[in-house]
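Here is the structure we will look at, set down as structure tokens.
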Amino acid sequence: MADPIPVLSLAGARGADGRFDPAFLDGLRGALHEVGFAQLTDYGSAPGQVEDLTALCDRFFALPAADRLALDNRRSPHFRGYTRLGHEITAGHPDAREQLDFAPEQAPRPAGSWDAPFRLLEGPNQWPAALPELRPAVLAWTDLLGRVGTELTRAIAACLGLAEDHFDPQFRGGPHWFGKIIRYVGAHGDRQGVGPHADWGFLTLLLQDTTGGLQARLPRTHEWVDVPPLPGALVVNIGEMLEVATHGYLAATVHRVLPCPPGGTRQSVGFFWSPRLDATLEPVPLPPELAAEAPGVTESEHNALLPRFGDNALKGWFRSHPEVAARHHAELMEELGR
Ligand SMILES: O=C(O)CCC(=O)C(=O)O
Ligand SMILES: [Fe+2]
């Protein structure tokens, strides 16, 4: 079967007049509606940036365990820091990966000053003292991907027949993106690299190494297809907030990573472009021909899609990091019925 994941060049997104190119918008709409995944090239990384970041991620995961555990996310009420191999849960089972989670650097809100439970997600990151180069390289990467996320969000609005700044208000004043560097480590008996799931942000931009193993479940046929490594390209997929905003015209495509063979490893860097925590994604007015192909959101008893982003994000963090949630937020979990 031909590679079902469309490849798009961001360099061709706008014409000389600064407007989006209609052919780019058609390609983007087709990719995201039909497949829910695309690969993006020419997105403005500096020469050597991807290679340098990848090498630093290698070095992070090669640090002595004590240096990684110094950033243990169980010490962070904000779900930031290092998760040991096998301690993240997806689809009810442990993932065969370790990771470092980060998000915009923020001071924690003083106790008692929250206007909503999701404010607990605001706080400082944990960076490795043993590898000081990692922080600036990751922040340069998240700066770049914030710009790519902004541009793609505008292109998505335009390809849905909306004004390109349609979603700007939801992102203005502090989008709460989050990111992670990830290493999969294969062992006998692994069930999953990461189990089947949809991402809970707006758009995901992911760099994968050349190992392979990422698979997408096509929205219509539910067939699993490989997302083949394309060196330097960003894998783009839709998150739940965009599904909510488009009544499912753009669906948060389910995906998974197969376990590495015993002894094998794989690395990736995820960037989950997301609106402000307090932003609510109202359904957009779709043109009739697109509305006719919008089935509504895919709710299940195991996963509600919550229109206020902070609520949806909290759902995701509580589910995937139950140890952190139980240690710091047991009462809140009970209150929210999680
Ligand atoms: O590592 C990958 O290729 C995918 C990771 C992923 O789906 C996630 O972290 O949400
Ligand atoms: Fe994902």
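Just a few scattered comments:
- Taking the conditions (1) small (Gly, Ala, Ser); (2) crowded, with 20+ Cβ neighbours inside 10 Å; (3) free of Cβ contacts under 8 Å to residues at least 12 places away in the same chain in turn, ALA163 satisfies each one other than (2).
- Residue pairs whose Cβ atoms lie under 6 Å apart, sitting 6 or more positions apart in sequence or on different chains, and linking a residue in region 255-266 that is in a strand (DSSP E or B) to a partner that is away from ligand 1 (no atom under 12 Å from the Cβ), are THR265/VAL185.
- Residue in region 281-302 that is at pLDDT 90 or above and within 16 Å of ligand 1 (Cβ to nearest atom) present: no
Every residue, every condition in (1) buried (at least 16 other Cβ atoms within 10 Å of the Cβ); (2) modelled with pLDDT under 95; (3) within 19 Å of CYS260 (Cα to Cα), yes or no:
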| site | (1), (2), (3) |
| --- | --- |
| ARG59 | no, no, no |
| PRO64 | no, no, no |
| ARG68 | yes, no, no |
| ASN73 | yes, no, no |
| TYR82 | yes, no, no |
| HIS87 | yes, yes, yes |
| HIS93 | no, yes, yes |
| ASP101 | yes, no, no |
| TRP114 | no, yes, no |
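- Count - residues of region 66-105 that are among the hydrophobic types (A, V, I, L, M, F, W, C) and part of a loop (DSSP other than H, G, I, E, B): 7
- Considering residues of region 267-290 that are of a type in the set (A, V, I, L, M), assigned to a loop (DSSP other than H, G, I, E, B) and under 18 Å from the mean Cα position of the chain (by Cα) only, the residue farthest from ASP311 (Cα to Cα): LEU281
- Listed conditions (1) closer than 23 Å to ARG319 by Cα; (2) surrounded by 15 or more Cβ atoms within 10 Å (Cβ to Cβ) are all met by PRO4, apart from (1).
- Neighbours by Cβ (under 8 Å, 6+ apart or cross-chain): first from region 66-86, farther than 28 Å from ARG109 by Cβ and touching a residue at least 12 places away in the same chain (Cβ under 8 Å); second of a type in the set (Val, Ile, Thr) and not in a loop (DSSP other than H, G, I, E, B): LEU85/VAL185
- Residue list for region 182-204, filter: within 17 Å of VAL138 (Cβ to Cβ), in contact with a helix residue (DSSP H, G or I) (Cβ under 9 Å, 6 or more places away or on another chain) and buried (at least 24 other Cβ atoms within 10 Å of the Cβ): ILE182
- Scanning region 303-326 for residues being charged (D, E, K, R) and touching a Leu at 6+ places or on another chain (Cβ under 7 Å) gives a total of 1.
- Of residues in region 188-217 being more than 16 Å from ligand 2 (Cβ to nearest atom) and modelled with pLDDT under 95, the one nearest to ALA245 (Cα to Cα): ARG191
- Scanning region 259-267 turns up one or more residues that are among the hydroxyl-bearing types (Ser, Thr, Tyr) and either away from ligand 2 (no atom under 16 Å from the Cβ) or buried (at least 22 other Cβ atoms within 10 Å of the Cβ) (or both).
- A Cβ distance below 6 Å, combined with a sequence gap of six or more or placement on separate chains, defines the contacts here; from region 178-192, residues that are within 16 Å of THR90 (Cβ to Cβ) reach residues that are of a type in the set (Asp, Glu) and part of a strand (DSSP E or B) in the pairs LYS180/ASP101; ARG183/GLU98.
- The residue that is nearest to ligand 1 (Cβ to nearest atom), among those in region 173-213 that are of a type in the set (S, T, N, Q) and more than 8 Å from the chain's Cα centre (by Cα), is GLN208.
The values are calculated or read from the model by the stated rules, or taken from the named source; none is laboratory data. All values reported here derive from a predicted model rather than from experimental measurement. FYI the Cβ positions are ideal-geometry reconstructions off the backbone, even for glycines, and counts take in every protein chain you see.
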